[in-house]
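Enquirer: I'd like to ask you about the structure that follows.
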Amino acid sequence: MSDVIFIEGGRVIDPASGVDGVRTVVLRDGRVAEVAERVERPRDARAVDARGRWVTPGFIDLHVHLREPGQEYKETVATGAAAAGAGGFTSVCAMPNTRPVNDNASGTALGLARAAQAGLARVYPVGAISKGSAGEELAEYGELQAAGCVALSDDGRPVMNAGLMRRALEYAKAFGLPLTVHEEDLHLVGKGVMHEGPVATRLGLKGIPAQAEEVMILRDLALLELTGGRLHVAHVSTRGSVRAIRDAKRRGLPVTAEVTPHHLALTDEDVAASGYGTDYKMNPPLRSADDVQACREALADGTIDAIATDHAPHSAVEKDLEFDAALNGIVGLETAFPVCLALVKQGHLGERRLVEALTRSPASAFGLPGGTLARGAPADVAILDPAAEWVVDPGRLRSKSRNTPWKGKRLAGRCTHTIVNGRIVYEEGRSER
Amino acid sequence: MIGRHKHCIALADYSREEILEVLDLAVSMKEVLRRPIKKVPSLRGRSIVNLFFEASTRTRSSFEIAAKTLSADLLNWTASASSVTKGETLIDTARNLEAMRPDVLVIRHAAGGAPRLVAEHVGCAVVSAGDGAHEHPSQGLLDCFTLREKLGTLEGKTVAIVGDISHSRVARSDLHSMPKLGAKMRLCGPPTMIPAGVEALGATVHYDLREAVEGADAIVMLRIQHERIGDPLIPGTREYSKFWGLNAKKAAEWLKPSCVILHPGPVNRGVELSPEVADGPHSVILDQVQNGVAVRMAILYLLAGGTESEAKA
Ligand SMILES: [Zn+2]
């Protein structure tokens, strides 16, 4: 197998280096060797015809759940990394809410070892904020970082104790690690299962107010002002959250934020339209059309930095249930690009901003390598056909789980090749595992 | 009197000259301690009360030896067991003790500001033996004394204080004295242990131990408390010692050969200092113990005896 890949004829979109135009990309020895209009094709190169396609830095997802160890029936590091590749993602950050929680070096090492065996997407472990994510004692951030963690999170279990959150922000400063926070006040959430509003009232489902998220974001921004440190707000979903983050950024606070494709594309009305469909149950819940509009604007203007999938595989046993009982979350890696591309086609987002929110912005939020095709950057590339239409067949997803609201839906935009470290790890139409 | 001061409560209030007055006298006091017969009659007939609301055998014994070496009468009053449990207030206790007409009241209390409150209500001199996280002036002075003895001077020297700065009265007394003698201060510890606005005391803050100790002339290592209930500042002592503890390898790679290591004691061996470093060539921890007696003799002498009060008597 050749060490040189020659990608010709594609439209290279690399916001990090300001390139948008037809270029040839040469990858050599795991690095980007050249991006230029005219390049002689090296004799030993493997050529990829990218005419009519986008050639972008490999996508980086700051928020996925790979379920290993402990819940391998939902997903493994290997199947999750394969799903990433099929979606154009070359790097994923794996949340620590596995069983056991990844709050120590051996948990982190296990994730990295599984990822190395799979040899697909790069997997960056996220360590726990508190031991066991129990919200009581700080985890060992120095040890987690030395083992390979790039950020800290108690995702799924918000840090309700403001005193602990303060200490976590402070302690993480010693290691320069960002805290990526799942913001919901559990007392306000109560037994809520969907966004609080007219739709929940109509459906007779218990609501979760937007303020459950907003008060926690406001709290943590205040703590950030007190402590310094680095805060990253996971899955922003409401207008009030956007307002708080926008204000904090204006004041110069070191905060970044992400939004999921589903919070950009779907509303609480979809819960009703689907007839209590549990593939529309997630946390945070799908919000009102007004909240969705605010998130779209915030992504477009950079208030929200990155798109992250919150890829959350669950088995049918956990989803084929009454709405109240079903678990939260959907798989997202393989549908993120077309779902977000639709926003471009609807005029909510520029093409370059879309690519930036999937590449450069997440890389810089967590200080990860990649996110650019600048010379010398890691040879992580996504090649995408923006026109290709396909129908989502959950049986053909690489993820082990099938919990997607886009089941049976026709989407436009598809990843055709994914290259990690100079190796093609995904090629459309090639053997699917 | 020490300069203008009738009490020794906070080095923040002491000038360079006032600090030097104690340190210079402590040199002669240390001479006394080296004599075969370690006793001088300087404070004969004077009485000193040790009023300790917090257990501290070391500091209490050090004041006790200092007082006895100067031939003063000494009463140890452990407050926790007696009066406080009966609901007596701090001021009541101090006034009752004052009725015994001591010349000096040495007070240790868990609440910052307690010695000052006592001083406002008694006629005798008050020496703080540590109040909360406020100050521990005799420790600050003995640290200065030890550094002068080992380094010749503090002028232009760099001193790093490492550990839980937020809860440390030792760090505050060092910070209020060493810069007055010309030292440059670096503070180091996990960010959870660095108190807000401490840079205003004229120190640089470092989270990285190597950055703090490389090139330093002296290091003050603070004792790490295993657990602070309800407010966890560190995940545990294991990670603390890995990142902020000094072991032989780090000492060999990062420290100047002449660098001295101080510790107010008792050392948590294996946490902030490995045993090899605590007992190694950089350590002056045992010198500090002897210097502590000399410095406390100087403080007691100046406040209970001194030329002025002797003239009055
Ligand atoms: Zn979450």
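FYI, it's all coordinate maths here, none of it is from the lab. Not measured: the values here are computed from a predicted model. So basically every Cβ, Gly included, is an ideal-geometry build from the backbone, and we count neighbours across all protein chains shown.
Enquirer: Over all alpha-carbon pairs in the range B:201-287, figure out the percentage whose distance exceeds 21 Å. Mind dumping the intermediate values first?
Expert: Values: 1064 of 3741 pairs.
Summing the P(r) of the range B:201-287 above 21 Å gives 28 percent of all pairs.
Enquirer: Now, a different point. Per residue of A:136-145, what is the mean number of Cβ atoms on other protein chains within 10 angstrom of that residue's Cβ? Walk me through the numbers on the way to the answer.
Expert: On the way: counts 2, 5, 8, 3, 8, 5, 9, 6, 2, 0.
Rounded to a whole number, the mean comes out at 5.
Enquirer: Oh, and also: So what J values fall out for the range A:20-25 if you push phi through Karplus, 6.51 cos²θ - 1.76 cosθ + 1.60 with θ = phi - 60°, rounded to Hz, Gly and Pro as x?
Expert: Residue by residue, the range A:20-25 yields 8, x, 6, 9, 9, 10 Hz.
Enquirer: To continue, here is another question. Counting other Cβ atoms within 10 Å, which GluC sites (Glu not before Pro) in the range A:251-346 have at most 11 and lie in a DSSP loop?
Expert: Here the GluC sites (Glu not before Pro) that fit, given the DSSP loop and packing criteria, are A:GLU322.
Enquirer: Identify, among B:ALA67, B:PHE53, B:THR89, the residue whose Cα sits farthest towards the positive end of the charge dipole of the range B:27-151, taking +1 on the Cβ of Lys and Arg and -1 on the Cβ of Asp and Glu, with the dipole about the Cα centre.
Expert: The one lying farthest along the dipole's positive direction is B:ALA67.
Enquirer: How big is the protein assembly as shown on each of its three principal axes, counting only the C-alpha atoms and giving the largest first in Å?
Expert: The principal-axis extents, from largest down, are 103, 65, 41 Å.
Enquirer: Divide, for the range A:1-141, the radius of gyration over alpha carbons by 2.2 N^0.38 Å, where N is the residue count. Don't skip to the answer; put the middle values down first.
Expert: Details: Rg = 18.9 Å, N = 141, 2.2 N^0.38 = 14.4 Å.
Cα-based Rg divided by the globular estimate yields 1.31.
Enquirer: Counting only DSSP beta bridges with both residues in chain B, what percent are antiparallel, rounded to the nearest 5? Provide the component values of the computation, followed by the final result.
Expert: Values: 2 of 38 bridges.
Of the beta bridges lying entirely in chain B, close to 5 percent run antiparallel.
Enquirer: Follow-up question, since we're still on this one. Which percentage, to the nearest 5, of the DSSP beta bridges contained in the range B:184-279 is antiparallel? Please list the in-between numbers first.
Expert: Working: 0 of 9 bridges.
Around 0 percent antiparallel, to the nearest 5.
Enquirer: Which of A:CYS93, A:PRO15, A:LEU110 sits farthest toward the positive end of the charge dipole of chain A, with +1 on the Cβ of Lys and Arg and -1 on the Cβ of Asp and Glu?
Expert: Selected residue: A:PRO15.
Enquirer: Can you list the equivalent-ellipsoid semi-axes of chain B, largest first and in whole Å, using the square root of 5 times each Cα gyration tensor eigenvalue?
Expert: Working: eigenvalues 212, 101, 58 Å².
Output for chain B: semi-axes of 33, 22, 17 Å.
Enquirer: Note the direction-averaged projected area, equal to a quarter of the hull surface, for the Cα convex hull of chain A, in nm². Could the numbers behind the result be given before it?
Expert: Working: hull surface 74.8 nm².
Taking a quarter of the hull surface, the average projection is 18.7 nm².
Enquirer: In addition: Within 10 Å of each candidate Cβ there may be at most 11 other Cβ atoms; applying that plus a DSSP loop requirement, which GluC sites (Glu not before Pro) in the range A:351-433 survive? Walk me through the numbers before you get to the answer.
Expert: Working: sites: A:GLU351, A:GLU356, A:GLU389, A:GLU427, A:GLU428, A:GLU432; in loops: A:GLU428, A:GLU432.
Listed in order of number, the matching sites are A:GLU432.
Enquirer: Give me the distance between the Cα centres of the range B:1-68 and the range A:123-195, rounded to whole Å.
Expert: That distance is 49 Å.
Enquirer: Right, next: About the Cα centre of the protein assembly as shown, what is the dipole size in debye to 20, counting +1 per Lys and Arg Cβ and -1 per Asp and Glu Cβ, all else neutral? Don't jump to the answer; show the numbers that get you there.
Expert: Numbers: 88 positive and 92 negative charges, 233 e Å.
The calculation lands at about 1120 debye.
Enquirer: How far apart, in nm, are the 7 Å Cα→Cβ label points at A:HIS187 and A:ASP290?
Expert: Output for this residue pair reads 2.6 nm.
Enquirer: Relative contact order for chain A: what percent, with Cα pairs under 8 Å and sequence separation of 6 or more?
Expert: The value is 20 percent.
Enquirer: Over all distinct Cα pairs, what is the inverse of the mean 1/r for the range B:137-285, reported as the Kirkwood hydrodynamic radius in Å?
Expert: Details: mean 1/r = 0.0665 Å⁻¹.
It works out to 15.0 Å.
Enquirer: Right, another one. If amide hydrogens are placed 1.01 Å from N in the peptide plane, which non-local residues have theirs closer than 5 Å to the one on B:ALA216?
Expert: Excluding prolines and chain starts, which carry no amide H, the hits are B:LYS256.
Enquirer: What do you get when you divide the Cα radius of gyration of the range B:1-126 by 2.2 N^0.38 Å, with N the number of residues? Don't jump to the answer; show the numbers that get you there.
Expert: Numbers: Rg = 15.2 Å, N = 126, 2.2 N^0.38 = 13.8 Å.
Working it through for the range B:1-126, the quotient is 1.10.
Enquirer: How about the range B:114-171: which GluC sites (Glu not before Pro) there lie in a loop by DSSP and see at most 12 other Cβ atoms within 10 Å?
Expert: Details: sites: B:GLU120, B:GLU135, B:GLU149, B:GLU155; in loops: B:GLU155.
Answer in residue order: B:GLU155.
Enquirer: Restricting to bridges with both residues inside the protein assembly as shown, how much of the DSSP beta-bridge set is antiparallel, in percent to the nearest 5? Working shown, then result.
Expert: Numbers: 34 of 98 bridges.
In the protein assembly as shown, approximately 35 percent of DSSP beta bridges are antiparallel ones.
Enquirer: Any idea what the relative contact order of chain B is, in percent, if you count C-alpha pairs under 8 Å spaced at least 6 apart?
Expert: 21 percent
Enquirer: Once the Cα gyration tensor of the range A:386-433 is found, what semi-axes does its equivalent ellipsoid get, as square roots of 5 times the eigenvalues, in whole Å, sorted largest first?
Expert: 21, 14, 9
Enquirer: Per DSSP helix of 4 or more residues, -39500 (n - 2.57); summed, then divided by the residues of chain A. What does that give at 222 nm, rounded to the nearest 500?
Expert: Numbers: 15 runs with 136 residues, N = 433.
When only DSSP H runs of four or more count, the value is -9000 deg cm²/dmol.
Enquirer: Just want the answer: with Cβ charges of +1 for Lys and Arg and -1 for Asp and Glu, which residue in A:GLY190, A:LEU152, A:PRO254 is farthest toward the dipole's positive end in the range A:143-270?
Expert: Comparing the listed Cα positions along the dipole, A:PRO254 ranks first.
Enquirer: Next question. Take chain B, mark every one of the trypsin sites (Lys or Arg not before Pro) that falls in a DSSP loop and has at most 16 other Cβ within 10 Å, then report the longest stretch left between them, sites excluded.
Expert: Values: sites that count: B:ARG4, B:LYS6, B:LYS38, B:LYS39, B:ARG44, B:ARG228.
Longest site-free region, per DSSP loop and neighbour criteria: B:45-227.
Enquirer: Of all the Cα-Cα pairs you can form in the range A:28-84, what percent are over 17 Å apart? Write out the running numbers ahead of the final one.
Expert: Values: 970 of 1596 pairs.
That tail contains 61 percent of the Cα-Cα pairs.
Enquirer: Where the convex hull is taken over the Cα atoms of the range A:256-414, what is its projected area averaged over directions, in nm²? Kindly include the intermediate steps, with their values, before the conclusion.
Expert: Values: hull surface 38.9 nm².
That works out to 9.7 nm², a quarter of the Cα hull's surface.
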